[in-house]
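Have a look at the structure below, then the notes.
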Amino acid sequence: MIRSRNLAAAVFLTGLGVILLELTLTRIFSVLMWYHFASLSVAVALFGFALGGTLVHLRPSLVPEDGFPAGLAPLLFLAAGGAMVPFMLLGLARIKPSVLFPLLSFFHQPFYQPFRNGPPSPDAAVLLSLAVLYISILIPFTMAGIALAGLFFRSSENAMGRLYGADLAGAAIGCLIFVPGLELLGAPSLLAVSGGLFALGAALLSKGFRRPIILMIALAVFTVAVINGPTDRLVRLQIARGQYEPDIQYYRWNALSRVVVYPLSRWEAEQAWGISRRFPGPFPGNMGMLIDDAGYTPIIENRDRSASPAWAPYHIISLPYLLRPGADAMIIGPGGGRDILAALGNRAREVTAVELNPLIVEAVEDGFPRFSGKPYSLPGVKLVVGEGRYQLARSKKRYDVIQASSVFGEIAPSAGAFSLSANFLYTREAFREYWDHLSDDGILSFSRTVFGLRALRLVSLARDLLLDEGAVDPSAGIAVLRERGMANVLVAKGGFTGADLERLKKIAEDRSFIIEAMPGLKSGNRFTRVIRGLEISKGRFDISPPSDDRPFFYNNVPKWRFFNLFFHPQEAGERHVIVLRTLFFVFSILIILILALPAMGGNALARKGEKGPVARIALFFGGIGLGYMVIELTMMHRLALFLGNPTYSLTVVLFVVLFSSSLGSFYAGRSGENTIHPNVLLPMALILLLMLTWKLTGFLSPAMDAGLLLRVCLVVLLLAPSAFLMGWFMPLGLSELSRNAPGMIPWAWAINGATSVLGSIGSLIVAMNFGYFAAFGLGSFFYALTVPLLLHLGRLGDGARKEVMS
């Protein structure tokens, strides 16, 4: 006899293993592929749950009543094996790297041609490789989905709240340990940890001699994970920008990214943009530092620890310091230290270097101290590890130069879940923050590649800022110069003086920089047209200024093209449209098929023609699946800036929402007949959620400079009450089905999982095109939709009550 305590513990371990595996795959795929392909792992995980429920609905014999719950053990053991498949594939790739070539060749990008235009979509071989890859990772999630759907199918109504609460609690703890797990073990090792957790769950449900054997297997898997460690001794991703890189000299994981450093040849270094072709001296040596797949920054050779490298006055990023010698500067995202050396080399008085990722600082300062010259430790440099805009908001200081050079935000964040390219550094509110922290004649400096639309969007943001400041002619405060493929957008707070303009012209002439825009320049190029407001909203692409509510700086596709099925992207930066749109339509079709299953499955409701109850079940469980996912992800993104770090947002927001929901689920299961009437419960939750979103910025903005502990407490106070109430819905619905139509439980589980997939994809689509507030309102609407439906789940008819489970 298996104790109910063991059953709840097995469910807890399953929820823990699922969330760890889901988040870890997101991190790994962000290294192997572009960030939007990485986020597919979230959809695959949720769809595995839906597929598991569907299979149990069609074949209840997958979870036989005889021997329950011991019959769930083989399913969890298969899930453990499935979790180990990607771990073993990565091990094989280390021995024979060519196995990854068919998959990765399409994603290769030379660092000196970042985000180059290539074929608009992958060929058949790549699509086949992707399909095989994602089908293989679907296995553990499907096995876990079958086990959980069968668990609720065979359990009594009184156990629903306790078991669903254990599932949510496991997921919450998984979010909590994911960050330190990445720091201590690295992403590949966490794959093995996930497999070990599934195996532990299988052991708890096993009987006789099988239990110690499975426990020994789980222990062996955990041992392999520890031995592999954060440097991946056994299983290592020797991959950099979509190709095998055998000479990686630094390799570490943390919650933000994987960081690797590898040498570049002198020829490769000279292909990089930025340093004038008229620089007389030899080009400095470079080492390439790669953050996941999309973020690149060079480590510049500075063996003598010079604060005045010869190349500094010849680099395009040095322009603001040449105009404001002796500047007090803040540099956001200095990466490998090039921006610091450029500032010091042009006589900056003091440099505040704000770097989000501590691994980048570690690689530069400790990994290659002789080569780099430890730029973060040079005299006059103050290092701050944190998010740039958050640190600026907390500071009372004003700077002569605020600079961000090619700070990429297209890396799949550790939160996964389709956050894609949201970036709070490039919004109207962010530019206002920068402006308020500039001295009276200070300069903003943002560098981007001139190809594509990023530099144009920076100009659009600068124009919007100057118009808000009351400028009659915004062109008086904007200058754009470029060196081959790298452009530097300069915005002067007091406007450019005549001396500034003469100085810029002289610099451009001496260094062969191209002037794209400058006060008084008569030109009809794209930059000057944007400054004049001629190519912002009427063009083929959207380069309007992003906002904190819609912070998708890298999304340049207008709404009318995003939803146009005949639109096919022409640039690498637009491929996310195909990915998101295809996913949305594919999963929509799959959900329609799942919705049709009651008519195919032969259950009592379908046989009696009771279509109304079936529709109400679908709407209720689909509504809470959509609503929960949309609200959870929206809140995670909205609070990232307040918490000061995307990792904190993942850990705090997801943990608070999931754990509070688990408490709500436990309480709903214990309260029985004394439960608050749904007619009162659901409007309460909806009102709390709407108030939370509407007042969020006003509530939290004054506390931006508070300590982390206080900010976390505020987030708990804001999120916990509504999340607690959100946790009631699923167990209440399952309990009603257990009393009245138990055969519909697996199908309800499938609907909830399938609509959660749509919620993860749809929340991003809505936020990208209409903003986070619209997405949050949509999630609240789905919860409001369930208000009358829960009442009807108790009125499904005698035919359903007499249904025989088989």
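What the table below lists for this structure:
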| item | result |
| --- | --- |
| Largest to smallest accessible area among SER544, SER156 [probe 1.4 Å] | SER156, SER544 |
| SER756, SER98, ranked by accessible area, largest first (probe 1.4 Å) | SER98, SER756 |
| Sulfur and carbon atoms: percent of accessible area, region 265-381 [1.4 Å] | 51 |
| Listed residues ILE300, ILE592 arranged by accessible area, highest first, probe 1.4 Å | ILE592, ILE300 |
| Whole-number D in µm² s⁻¹ for region 302-365, Kirkwood Cα-pair radius fed into Stokes-Einstein, 20 °C, 1.002 mPa s | 180 |
| For region 217-347, convex hull volume per residue from C-alpha positions, Å³ | 138 |
| ARG398 - accessible surface, heavy atoms, 1.4 Å probe, Å² rounded to 10 | 110 |
| Two-site FRET efficiency, SER512 against SER547, from Cβ-Cβ distance with R₀ of 35 Å, rounded to 0.05 | 0.40 |
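The values are calculated or read from the model by the stated rules, or taken from the named source; none is laboratory data. The shown structure was predicted, so the numbers you read here are calculated from the model rather than taken from an experiment. Positions of Cβ are backbone-derived with ideal geometry, glycine not excepted, and every protein chain shown enters the neighbour counts. Surface areas here come from the heavy atoms of the whole protein model, side chains and all, with no ligands, DNA or RNA. Shrake-Rupley method; radii C 1.70, N 1.55, O 1.52, S 1.80 Å.
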